[in-house]
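> Pasting a structure here, questions to come.
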Amino acid sequence: MKNHSLPWFVLPLILFIILNHSHAKQTESISYDLRFDQLINKLYQWRNHQTQSQEAQLKLSTPVVLAGVLCFIAASISSAGGIGGGGLFIPILTIVAGVDLKTASSFSAFMVTGGSVANVMCNLCTTSSKFGGKILIDFDIALLSEPCMLLGVSIGVICNLVFPEWLITMLFAAFLAWSTSKTCKNGVLHWKMESEELRRNECEKLENGLVKDGTFDESEGIKTAKEPLLGVKGGCKLRFPRMKMGVLVLVWFSFFGLYLLRGDRHGQGMIQIEPCGAAYWIISSFQIPLAVIFTSWILCKKERVKSQGSDHEDEEGLIRDGPSRKLLFPRMALLAGILGGVFGIGGGMLISPLLLQVGIAPEITAATCSFMVFFSSTMSALQYVMLGMEDTHTALIFAVICFAASLLGLGVVQSAVRQYGRASLIVFSVSIVMALSTVLMTSFGALDVWRNYVSGKYMGFKLPC
């Protein structure tokens, strides 16, 4: 009997140990979930406290000063790549300064405008011997891209209102991760090509001894060129494409006029219309034929100039390219505008990798992107002002900070490019900004998505009005 009673005694003991161990695991898992949820709650409490303390009025304080310093650094890095930097400004203002997302977006429009003004001023007065002594801005690309980019921004804003936040965060992370990877690969490729070219030039210098328009250092056997890679100041005296600039200004005023007539979805505009009514959507739809008309007119004008055999102002432009090449830039600008509107950032960060991907030189990409960002950012800033934006004086101070930072960043990067002969530094600066923006804005969005999920809020598609 003893031998048979032993298993009946051991079996309940084993079951008790197993159940107790399973209960301990469940308790540990629940406690881990509670700790994680408490961490999320603490982060939100801190963020809400920061927002409420700054909600009444932005005053000079330690968080605001720290945000200004970080924005100065972000603008100096962004200016080198010709991108706006909104992907860095918005997280800095919301996390460090504690402002709400709406205020951060309006401030970002002013800051991007300040940086783009500095970029355009420098690029209009800078020529490049590498590209035949011409201005680095490719006005042909800007002409073909700007109408479709402005149209894409409007479409993207509507998509931003309709799409759930989790979808926007996933799209943002996926696209910027892909763009960052492609941009880094382009930077490495340009670096290798520049290294090969520098080695070739070094061999030629050693063979020839003295080179025309240069001096020869006999102790080192290295030529010091007198002519910089990016040219010298004074490009403003060269011919200026007034016609192309006039067309760009016309495009800007045409779209801005539609925005003024339409107003926002709450009915705030030049004319009294029903918010999100039939008149609102009819005026909004006029942007599509407007973009098509401008793009078609620009293409037809270029074809007419080509048929006449005229090569002035277009010797190195898009005249030499086929129809597919010409339509490539409007398609890219439309995609960049849509994504920029969906993500709430400027199109410079999105179109710059696309231009690099199709083989546009880094110097031309940076100058052209900053020129295009100037038009889109000024339109956004003016819309915020006309819709009753608060703290305009503080936004202007941040814009001046970014203006000075952009001048500093451009000077440092152009000096480095002239000294080392590596334009790939511009590509790497774009990669840095994109990588930081991916991490900051994705983390910020993921935090909001998690909080909405925990609180049980609706996370599906919404109506635009």
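> When you go through Ala405, Ala423 one by one, which is the residue that is over 20 Å from Met193 (Cα atoms) and touching a helix residue (DSSP H, G or I) at 6+ places or on another chain (Cβ under 7 Å)?
Going through Ala405, Ala423 in turn, just one is over 20 Å from Met193 (Cα atoms) and touching a helix residue (DSSP H, G or I) at 6+ places or on another chain (Cβ under 7 Å): Ala405.
> Could you tell me how many of the residues in region 167-184 are open to solvent by 40 Å² or more (accessible area, probe 1.4 Å) and within 14 Å of Ala361 (Cα to Cα)?
0
> Shifting gears a bit: With surrounded by 14 or more Cβ atoms within 10 Å (Cβ to Cβ), at pLDDT 80 or above and among the charged types (D, E, K, R) as the only criterion, which of Lys326, Lys302 stands out?
It is Lys302.
> Read through the list (1) within 30 Å of Thr183 (Cβ to Cβ); (2) modelled with pLDDT of 85 or more, then give the number of the only condition that Ile283 fails.
Only one criterion in (1) within 30 Å of Thr183 (Cβ to Cβ); (2) modelled with pLDDT of 85 or more is unmet by Ile283, namely (1).
> Residue check: is Cys122 in contact (Cβ under 8 Å) with a residue 12 or more places away in the chain and either surrounded by fewer than 23 Cβ atoms within 10 Å (Cβ to Cβ) or on the phi > 0 side of the Ramachandran plot (or both)?
yes
> Just for region 386-396: of the residues that are part of a helix (DSSP H, G or I) and modelled with pLDDT of 80 or more, which one is farthest from the chain's Cα centre (by Cα)?
His393
> For Ile141, are the conditions met, namely being assigned to a helix (DSSP H, G or I), open to solvent by 20 Å² or more (accessible area, probe 1.4 Å), of a type outside the set (Phe, Trp, Tyr) and touching a helix residue (DSSP H, G or I) at 6+ places or on another chain (Cβ under 8 Å)?
The answer is no for Ile141.
> Given Val157, Val188, which one is part of a helix (DSSP H, G or I), at pLDDT 90 or above and not aromatic (Phe, Trp, Tyr)?
Val188
The values are calculated or read from the model by the stated rules, or taken from the named source; none is laboratory data. Predicted, not measured: the structure shown is a model, and the values here were computed from it. Here the Cβ is made from the backbone with ideal geometry for all residues, glycine too, and neighbour counts use every protein chain on show. Calculation scope for accessible area: heavy atoms of the full protein, side chains included, ligands and nucleic acids excluded. Shrake-Rupley method; radii C 1.70, N 1.55, O 1.52, S 1.80 Å.
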